[in-house]
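First up is the structure itself, then whatever we jot down about it.
The values are calculated or read from the model by the stated rules, or taken from the named source; none is laboratory data. Please read these numbers as outputs of a predicted model, since none were measured by experiment. Positions of Cβ are backbone-derived with ideal geometry, glycine not excepted, and every protein chain shown enters the neighbour counts. Ligands, DNA and RNA are stripped out before the accessible areas are found, and what is left, the full protein with its side chains, is counted by its heavy atoms. Shrake-Rupley method; radii C 1.70, N 1.55, O 1.52, S 1.80 Å.
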Amino acid sequence: MTPAELNGAELTARYLTHLADDALVYAQRLGEWISNAPQIEEDLALANVSLDLLGQARVLLTRVGQLDGTGRSEDDLAYFRSERDFRNVHLVEQECGDFADEMARLLIFSSYQLELYRSLLASADETLAGVAGKAVKEVAYHRDHAGQWVLRLGDGTPESRARMQAALGRIAPYVPELFDDDDVSIAASDAGVAVLPSSLHEPASAHVALVLAEAGLEPIDAHSRWRSRGGRAGVHSRPMGYLLAEMQCVARAHPGATW
């Protein structure tokens with residue numbers, strides 16, 4: 001069925017799946033930095049960011065199970081969907097690279113998320129509006145944390161500046177997809193539940209540009225090369241399958257287990 005043919009509950013569930021999958025998959029990626037970050041304080045900081053995103057995903061996935069008529073739990077949706085059923089953007093599924101890559105990704109994603117949740121405070125779905133109210137505070141910290149590291153690296157040594165600039169170039173192809181208006185987002189926005197991703201581009205990009213300028217870094221050029229697309233339709237990049245295999249293996253090996 002097309003988004004226009006869905007009833008209100010089903011449409012809301014489709015839209016919430018986008019937000020939940022972004023948060024869930026990025027939480028999984030950030031968890032990989034625990035014991036691998038450049039200092040122990042950063043292990044803890046990224047673990048806390050990961051837990052914030054996981055908390056968002058849990059509430060949203062629970063709401064999806066309530067709305068889509070299947071009665072699935074948050075665990076069912078997290079651990080027993082196939083790759084093509086996930087609706088996250090490609091940015092969050094990419095493998096962890098240099099620490100500078102992660103700070104670039106976190107700055108961009110949290111800048112997007114902050115504008116997203118600020119807009120969703122007025123969502124017609126009360127659960128989503130409630131999630132947004134809590135998430136705005138969390139994501140403001142994520143954005144500030146990433147911004148401080150981008151400044152520190154960009155305005156540091158020649159080596160740190162070069163690595164930060166290179167990281168921005170590697171992340172650039174995955175940025176435009178965040179702001180694509182897909183059919184689900186358009187229909188959910190018309191229903192008063194969602195916000196058009198394209199409306200978030202200007203304020204989110206303006207903040208990123210300010211941070212980069214203060215750090216003495218070149219702006220992100222996301223229009224001169226190949227760019228990612230298809231995540232909202234369930235078409236993912238190579239790293240996604242490996243991420244899901246690791247994330248889902250225990251639940252699939254012991255279905256129904258409790259502890």
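Among 40, 34, 108, the order of accessible area from largest down is 40, 34, 108, computed with a 1.4 Å probe on protein heavy atoms. In the full protein context, region 59-204 carries 41 Å² of accessible surface per residue, based on a 1.4 Å probe and ignoring ligands, DNA and RNA. With contributions of -39500 (n - 2.57) from each DSSP H run of at least four residues, the per-residue ellipticity at 222 nm computed over the chain stands at -21000 deg cm²/dmol.
Summing Cβ point charges (Lys, Arg +1; Asp, Glu -1) relative to the Cα centre of region 13-155 gives a dipole of roughly 480 debye. Relative to the current alpha-carbon distance between residue 218 and residue 152, full extension at 0.36 nm per residue lengthens the span by 22.3 nm.
The listed residues 70, 17, once ranked by accessible area (1.4 Å probe) with the largest placed first, stand as 70, 17. Cβ-Cβ distance of residue 258 and residue 66, R₀ of 22 Å, FRET efficiency by 1/(1 + (r/R0)^6): the value works out to about 0.55.
As a calculated quantity, the FRET efficiency between residue 162 and residue 7 at R0 = 45 Å, using C-beta atoms, amounts to about 0.25.
Counting only Cα atoms, the chain measures 55, 42, 33 Å along its principal axes, largest extent leading. Carbon-plus-sulfur accessible fraction, region 171-219 (probe radius 1.4 Å, protein heavy atoms only): 57%.
Dividing the mean sequence gap of close Cα pairs (under 8 Å, 6+ apart) by how many residues region 139-259 holds gives a relative contact order of 29 percent.
On region 20-128, 47 percent of the accessible area sits on carbon and sulfur atoms, based on a 1.4 Å probe. Note on residue 145: accessible area is roughly 30 Å² with a 1.4 Å probe, heavy atoms of protein only.
Extension gain, residue 82 to residue 198, is 39.0 nm, computed as 0.36 nm per intervening residue step minus the present C-alpha separation. Dipole check for the chain: with +1 at the C-beta of Lys and Arg, -1 at the C-beta of Asp and Glu, and the Cα centre as origin, the magnitude is about 180 Debye. If I stretch the segment between residue 75 and residue 227 completely, what's the gain in nm (0.36 nm per residue apart, minus their alpha carbon distance), one decimal? That pair, residue 75 and residue 227, stretches by 51.5 nm at full extension.
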